[in-house]
Amino acid sequence: MISPGKRSFAAEFEPAVLGRRRSPRAPVSLDARVGRGGLDRALCKVTDLSLGGARIEMFSELRKDSMIWLTLPVVGHWAARVVWSSDFEAGLEFQIPLAEDEFDRLVAA
């Protein structure tokens, strides 16, 4: 029984699932390039891919927070920000996420 002046309420809630990933990732092995034409192009290997970014391996170190062009097979040039860089690996965040059909084509390649 509720005493006068006191209110009662009930609420349903769903706990938040906190994770670092915004979208699923797929392991891949794609030959790609950093740069967009001319002498600034460097070969790299995409080893992990999501709609919003990628992990790459390359012989040149990239600076965190720098903007690059990543040339991917099948879909072409994608502007990306270097989120982290360590030795010969870097994590990239695409400025425009891949569409699901582009992601599917790259994973199938």
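The values are calculated or read from the model by the stated rules, or taken from the named source; none is laboratory data. Worth saying up front: this structure is predicted, and the values here are computed from it rather than measured. No Cβ is skipped: glycine too gets one built from the backbone with ideal geometry, and neighbour counts run over all protein chains shown.
Some observations on this one:
- Only one of Leu106, Leu49, Leu98, Leu70 that is in contact (Cβ under 8 Å) with a residue 60 or more places away in the chain, in contact with a strand residue (DSSP E or B) (Cβ under 8 Å, 6 or more places away or on another chain) and under 20 Å from Ser23 (Cβ atoms): Leu106
- Flag for Gly76 being modelled with pLDDT under 90 and either surrounded by 10 or more Cβ atoms within 10 Å (Cβ to Cβ) or not aromatic (Phe, Trp, Tyr) (or both): no
- Here segment 9-65 is the region considered, the condition is being surrounded by 11 or more Cβ atoms within 10 Å (Cβ to Cβ) and at pLDDT below 85, and the residue that is farthest from Glu100 (Cα to Cα) is Asp40.
- Residues within segment 23-79 that are part of a strand (DSSP E or B) and either acidic (Asp, Glu) or under 22 Å from Arg105 (Cβ atoms) (or both), tallied: 32
- Residue that is farthest from Ala54 (Cα to Cα) [pool: residues in segment 82-95 that are small (Gly, Ala, Ser) and either in contact with a strand residue (DSSP E or B) (Cβ under 8 Å, 6 or more places away or on another chain) or not in a strand (DSSP E or B) (or both)]: Ser85
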